[in-house]
Amino acid sequence: MNCNHQQHKRLSRRPIFIGLALLLSIVLELIPAGRASAEPVTVWPDTLATPCQRYEILPAMRPLRKTVGLALSGGGANGIAQIGVLKALEEAQVPIDRIAGTSMGALVGGLYSSGYSAAELDSLAHALPWEKLTSLNSETPRTNSYLEQKAIRDRASIAIRFEKFKLVVPKSLSAAQTFTRTIDLLVLNAPYHTGSSFSDLPVSFRAVTTDLLSGRRVTLTSGPLSEAMRASSTVPILNQPIERGGRRLADGGLVANLPIDELENAGADYKVAVDTHGRMYTDSSELDVPWKAADQAMTILTQVQYPQQLEQADLVIAPDLENHKATDFSDIPELIDAGYAKGRLLAPVIKRSIQVEPKHDIALSGYRKTIEGIPATAAYLEQARTANAIVRSGTHAKKILQELLETGLFSRAWTRIDKKAGTAAFVLEPLPRLERVELTGGPSNAVSQKKIDQAFEPILDRLYTNAVATSALEKLIRLYRQQGYSLVQIENCSVNGTTLAVQLSSGKIEQVEVEQDKHITKPLPIKREIAIDTDRAFRYADAEKTIDNLYGTGVFNRVSLGTETPQSQGSPFSNTLMVRLDEKPANVLRIGVRYDETSNAQLLLDFRNENVHGTGNSLGAWTKIGQKNNRLNLEYNQPRIGHTPLTMFTRLFFDQRDIDTRQLAFTEQQGLQATGEPRQLGIQRYGLTAAFGTRVSKNGRLTANVTLQNAQSYLRDNLSQSYETGNLNLLSFGGQFTFDNRDSSFLPSEGRYTNIRYCSTPAYLNNPEAFWQLDAQHEENLSIGSATTLQLSALAGISSKSIPLTEKFFLGGTGNAYSYRFIGLKDSDLIGENIAVLSAMLRYKSPVQLIFPTSFILVYNIGNVWEQRADMSLDELVQGAGAGLVWETPLGPAQFTVARPFAFENDEINDSARIDFSETLFYFSLGHDF
């Protein structure tokens, strides 16, 4: 791509003019000497017909050689070795003109073609979260979901979707949104963009895919680059195919895992096959998961194709990968090193093989050779010396011109031969001497002047080559990319004297277009989530936020984003942001199961429409069925009202639960012990809640609410009454602030949770006495290394006197919807009007799985509940410590914990200070809490 896009058309015609001139010189050479000697003859060098698509200060001739094409195979993780091959070829200065890629080869090749260097690809390979990219988990990241959606998804194990009450069978195991997002953003932030044709990229690119409808090969050479790369690497069944033009495109390895013939079709003169296909699994125990079986099937298919494809290659580079598995991304450095070693070994072979001797060259024996065009000043002394050395030692005109252009010091060169005078004048256009750079356009103050000066330092006040100049211009663009300006490009370069004038594009988006596959969702819920301001330069963060906002609504399977240049707009800087949405069926049934030692078996059924009339609002019902607790809720949630951050929800609810509690006391001999008989209580509530408020970022919400309910508390045993029960109709007013950006509600590795709630209930209806309650809860999750997390949490709550039993605080157990967590106590062991708890949990995720992903936990907590605020004292704090195992199963987390409560007794209780340990408790639960 030339800097001066105004000259692009003239440049594209130059090969035609050069060819005509070459033909003319050949004809003149064949004319008898008596006729040809009348006029001087202009001899042009043999040059590449393909125009350079990289940034240049001036359009430059490129000496003729064979064009080099790379065919990059599939192979999963093994394809990472291709980065090492590219790295070795770059170091050896082997030119690459065309790339055809399949699967992983399409990913590596597409990024390299769009301007990423091999070193940058190396860094990306080490930095990318391959485990997440290849995961079959298609759930929206929890941090991107609204609070209402978090609550719904946290409690379910299975989701089944319906379209008009007809079961929808998933097209694949995963929509691969994480993978889609990553590739879209990488292409968006590449140094070079393409409006439509992949031939406009620095390296002409082709992505090989398979049409699942016809079974035929489809080679993508235009359109959205990221979509082409993703289509070529989409594994059928595991990932959802890409739909384009009535086709369903998937992994090209099904039909051409090593597409050498595509290089032939693209016009490559020298074809290099980079073969990184994986080995077959030979042990049946290795085929233990679906994606390994899919990989095995792909490998079988590729082996059938290989002999025919390899015959068409001029050279095969096959890194020594031994028995490395295509699904193993754990040893990226070794893979890259293997590719680098083989590439470095064979790079000299490629360099020798692509050399082309000039055709119909003219011998200059007996001619007096001169040089024209180089200014006779000290600034151009080095170019003059270099040219003199080449011209003086040269014997043939075209060979001399070829060597002059190969230095990279000249943009143009030709020879004027006068046979009658016996002279050969070499006319050269040296790269101009530059002393300063003048930058115009682009977003203001985006890059510091110091960094700009550093980018252009290699070409100011010194000798430089075309390659160095291109590198300086690309470094400038990379500086803007590093600052998040993904669309800033160089529109024009010009030289005025010793000043290089570089004009940048605005980097703005001209328009935003949305493409929906089912047209379920209305425009408003989509537009309000698009974080693009067309009045300012487009930022990388805008793209991230737009993707996350849209996917976070929960109504889309896949969100893809990219820029395109409509063919109706001639300028390559007229950027249109294309947002492609794959919509989910709105009706979904969620099922959850749970078992724990307190409530035994429980079942959750949740059916709702998550996109009511295309508004993004949710309407549904869920019920919990259990031996000791039952719930039924009818809910309507409106995450956002119009374009505002305002939100509202309303809920009809019924909640009944049985409570088994104990009277606890410290004894001198045995520590914390239950006294008296266990008590059996019951609580039942039903009513209506409505809330209105505002969003505080994606993960926060501040609301005011009103609740009208009937709250009953009763005894389920025949023991003497020590609890004040009742049947009250309550009208309550309150406010609540909630913030939750944890990546998981049960096993978070990062993020925090904050909930502050105030409720006031007046003496109204049959409530005899007004009361209020205030509580606050905070949880902080701190990552300590890659596998260890420290969770710190605090809970405090106070109430007015005479608060009903239904509204009191319950403490004990592993934590659920009714009782706050306190390891060392049984569920609802402590009941009171005031509460204070501090807790710490250390979790280590083991690299060794015990059937399922396994974590080890250590827990410590301290706290208590009190009936009166005046009774709150440090002397009465209960403590508990425990250890356990957690398994991440398909049904939800399974947790086994062993714990004991204890207390440090003071002098008032026991003269000898010691720790009193109580009975050992065992906890077990399977499934999410609901």
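The values are calculated or read from the model by the stated rules, or taken from the named source; none is laboratory data. Everything quoted here is computed from the prediction, not taken from an experiment. Please note: Cβ atoms are built from the backbone with ideal geometry, for glycine as well, and neighbour counts cover all protein chains shown.
If Thr370 passes every condition in (1) within 30 Å of Gln402 (Cβ to Cβ); (2) of a type in the set (Ser, Thr, Tyr); (3) in a loop (DSSP other than H, G, I, E, B) but one, which one does it miss?
Result: Thr370 fails condition (3) only.
Helices (runs of 4 or more DSSP H) wholly in region 39-150 with at least 3 residues that are out of contact with any helix residue (DSSP H, G or I) (no Cβ under 9 Å at 6 or more places or on another chain) and crowded, with 23+ Cβ neighbours inside 10 Å - which ones?
Numbers: elements: 81-91, 104-113, 118-127, 130-133.
Per the criteria, no element qualifies.
What pairs come out if I take residues in region 96-119 that are in the same structural domain as Ile317 (by the TED database) and pair them with residues that are of a type in the set (Asp, Glu) and in a strand (DSSP E or B) whose C-beta lies under 7 Å away, six or more apart or interchain?
What qualifies is Ser103/Asp251.
Tell me which strands (runs of 3 or more DSSP E) are completely within region 182-261 and hold 3 or more residues being without any contact (Cβ under 8 Å) to a residue 40 or more places away in the chain, or say none if there are none.
On the way: elements: 204-211, 217-220, 242-244, 247-251.
Per the criteria, 217-220.
For region 594-682, which fully contained strands (runs of 3 or more DSSP E) count at least 3 residues that are modelled with pLDDT under 95 and surrounded by fewer than 17 Cβ atoms within 10 Å (Cβ to Cβ)? First the steps, then the outcome.
Values: elements: 600-609, 618-626, 629-638, 646-667.
Fully inside region 594-682 and qualifying: 646-667.
Answer with yes or no whether Leu605 is of a type in the set (A, V, I, L, M, F, W, C) and touching a residue at least 24 places away in the same chain (Cβ under 8 Å). Reasoning before the result, please.
On the way: of a type in the set (A, V, I, L, M, F, W, C): yes; touching a residue at least 24 places away in the same chain (Cβ under 8 Å): no.
Taking the combined requirement at face value, the residue does not satisfy it.
Which fully enclosed strands (runs of 3 or more DSSP E) of region 732-840 have 2 or more residues being of a type in the set (Gly, Ala, Ser), surrounded by fewer than 22 Cβ atoms within 10 Å (Cβ to Cβ) and without any contact (Cβ under 8 Å) to a residue 40 or more places away in the chain? It would help to see each step written out before you state the result.
Working: elements: 751-761, 771-784, 788-799, 809-811, 830-832.
Per the criteria, 771-784.
Looking for something outside any helix (DSSP H, G or I), surrounded by 15 or more Cβ atoms within 10 Å (Cβ to Cβ) and among the hydroxyl-bearing types (Ser, Thr, Tyr) - is there at least one such residue anywhere in region 375-382?
Going through region 375-382, the residues outside any helix (DSSP H, G or I) turn out to be 375-377.
Narrowing the set further to residues that are surrounded by 15 or more Cβ atoms within 10 Å (Cβ to Cβ) leaves none.
No.
Against the condition of a type in the set (Gly, Ala, Ser), on the phi > 0 side of the Ramachandran plot and crowded, with 24+ Cβ neighbours inside 10 Å, how does Ala176 come out, does it pass?
Yes, satisfied.
Scan region 199-220 for residues that are closer than 20 Å to Leu577 by Cα and either outside the structural domain of Val187 (by the TED database) or of a type in the set (D, E, K, R) (or both) and jot them down. I'd like the intermediate steps shown before the answer.
Just the residues of region 199-220 that are closer than 20 Å to Leu577 by Cα, to begin with: 200-201.
Asp200 - this is the single residue of region 199-220 that is closer than 20 Å to Leu577 by Cα and either outside the structural domain of Val187 (by the TED database) or of a type in the set (D, E, K, R) (or both).
Of all the residues that make up region 841-861, how many are surrounded by fewer than 18 Cβ atoms within 10 Å (Cβ to Cβ), over 12 Å from Leu885 (Cα atoms) and not aliphatic (A, V, I, L, M)?
2
Exactly one of (1) of a type in the set (D, E, K, R); (2) in a strand (DSSP E or B); (3) touching a Ser or Thr at 6+ places or on another chain (Cβ under 8 Å) is unmet by Lys420. Its number?
Lys420 satisfies every listed condition except (2).
Could you tell me which numbered condition Pro585 fails, if it satisfies all but one of (1) in a strand (DSSP E or B); (2) farther than 27 Å from Thr703 by Cα?
So Pro585 meets the others, but not (1).
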